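Note sheet for the following structure.
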Amino acid sequence: MRNLENIDDLITRISSRTNSEINFLASEKGLKVQWMEEITSNPAAMDYLKAKGKDGVDFFISYYVNKKYRWYKPLFLNKHRKKKDRWLATCEEHFRIMLQKKIIDLHCQWNAYLVKVPGVETSHDFNYAIRDPFNCAFIAPLTPNEIKMFKDFLLQEGVFIDDLITDSDLDYDAFKAIHKANYPDTAEVPAWYDYHNKRTNSKNLLHLPTIRSDKEGFYIHLAEQKQASKEAPIVSDGEDLVFLDPNDPKFIKKFVKKFESPDYQKKYKYFRLEKKIESRLDDGIYDYFKQLLLQDEEIPMKANADFLAAIKASYTDYCVKKIVKKLPLAYEQYLYKTKEGLHKKVNYNHYADTMEEGKKLILDGRVLNGEPRDFNF
């Protein structure tokens, strides 16, 4: 009976949080979908983006609406976050990073023809799964040993709050490129990746040959050449014909000015001003100090002759203790949701369009090369 009571209690706790999260995410999704439709249904905006870089339009729009949501800052956002168990959610975000690393490791082996993965036809299937790892059907769930390894990662000497950042959707190609470039300072790789590589020796997987994706690239090139011979070139307005970079602040500013309403232009202006003020403070210390003040409890300060370093170390210590404390319950919930299929699906996974087009190009290229129209290569 005790086990049954525990399960019933768990269902109640998950259901109550899930309903709240669904309402919040539905609102966020609705706004983002609305903004995407406003851009894609605006011929002037689409022509403007295509003139800048045709192949990057879908990615730019997806990236742009996510940035726009950051400066929108609806009132209900703060109310929701106060009620939500922040540390359970933080654990879940770290689980997402861990699952993404598992997907990349498997992608390395698949690409070198070392393993077959049921349900996977092309590299696009891995890239799609990266964006919705909790619902990836071809990787094994996180194990107790992996959770223990994550706890060791948190408690290691010298870990800092920067190592706990989970804002990443790094896929196989991006990670390979960063590894090949010897991890430049601008690269944003979750610290878990390096720790996991050292503990498991999985860094060697990045040195495996890229046989399958090279073939895909060959087929795609054939198909795109065929398409290019039939399509008329895009005529631009002649200004600033540069690569469409969603991280270019000048281009973002120009796009906002051209196509956003005065109200959103004002919100964007305030957001940029706020970020400018924060950037003047050392190493994001503004955010750490603000977070310390927002907590509903006293937080011990670490001793350090450098006041800024003391703030950062104190906030790191606080976060680590909170995550470690919630880790068992978070893992329990993760296993239950995985078993019962309760993980929220990323319904607005915009990579689906890219995946569909990419697979079609591969098949078209196969035919052009005198091969069967299938993925058996």
(request) Please enumerate the residues belonging to the stretch 198-228 that are open to solvent by 90 Å² or more (accessible area, probe 1.4 Å) and either in a helix (DSSP H, G or I) or at pLDDT 95 or above (or both). (result) Lys198, Arg199, His207, Asp214, Phe218, His221, Gln225, Lys226
(request) Answer with yes or no whether Asp167 is crowded, with 17+ Cβ neighbours inside 10 Å and under 16 Å from the mean Cα position of the chain (by Cα). (result) no
(message) Could you check the stretch 83-106 and list, in sequence order, the residues that are without any contact (Cβ under 8 Å) to a residue 40 or more places away in the chain and closer than 14 Å to Lys344 by Cβ?
(response) Ala89
(message) Need the failing condition index for Asp374 against (1) at pLDDT below 85; (2) outside any helix (DSSP H, G or I), just the number.
(response) (1)
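Those residues that are assigned to a loop (DSSP other than H, G, I, E, B) and at pLDDT 70 or above, I need them from the stretch 261-297; list them, please.
First, the residues of the stretch 261-297 that are assigned to a loop (DSSP other than H, G, I, E, B): 261, 280-281, 295-297.
Of everything in the stretch 261-297, those that are assigned to a loop (DSSP other than H, G, I, E, B) and at pLDDT 70 or above turn out to be Ser261, Gln295, Asp296, Glu297.
So, in the stretch 95-113, how many residues would count as being assigned to a helix (DSSP H, G or I), open to solvent by 10 Å² or more (accessible area, probe 1.4 Å) and not polar (S, T, N, Q)?
Of the residues in that region, 5 qualify.
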(request) Count, please, the residues in the stretch 182-197 that happen to be open to solvent by less than 70 Å² (accessible area, probe 1.4 Å) and at pLDDT 85 or above. (result) 8
(message) Can you tell me which of (1) in contact with a His (Cβ under 9 Å, 6 or more places away or on another chain); (2) surrounded by fewer than 15 Cβ atoms within 10 Å (Cβ to Cβ) is the one Ala330 doesn't meet?
(response) (2)
(request) Tell me which residues, restricted to the stretch 118-155, are open to solvent by less than 30 Å² (accessible area, probe 1.4 Å), without any contact (Cβ under 8 Å) to a residue 40 or more places away in the chain and touching a Phe, Trp or Tyr at 6+ places or on another chain (Cβ under 8 Å). (result) Val120, Ala129
(message) Looking only at the stretch 333-356, filter to residues that are open to solvent by 80 Å² or more (accessible area, probe 1.4 Å) and either free of Cβ contacts under 8 Å to residues at least 60 places away in the same chain or among the aromatic types (Phe, Trp, Tyr) (or both); which one of those is nearest to Asp374 (Cα to Cα)?
(response) Glu356
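The values are calculated or read from the model by the stated rules, or taken from the named source; none is laboratory data. Not measured: the values here are computed from a predicted model. So basically every Cβ, Gly included, is an ideal-geometry build from the backbone, and we count neighbours across all protein chains shown. Accessible surface is based on the protein model in full, side chains and every heavy atom, while ligands, DNA and RNA are left aside. Shrake-Rupley method; radii C 1.70, N 1.55, O 1.52, S 1.80 Å.
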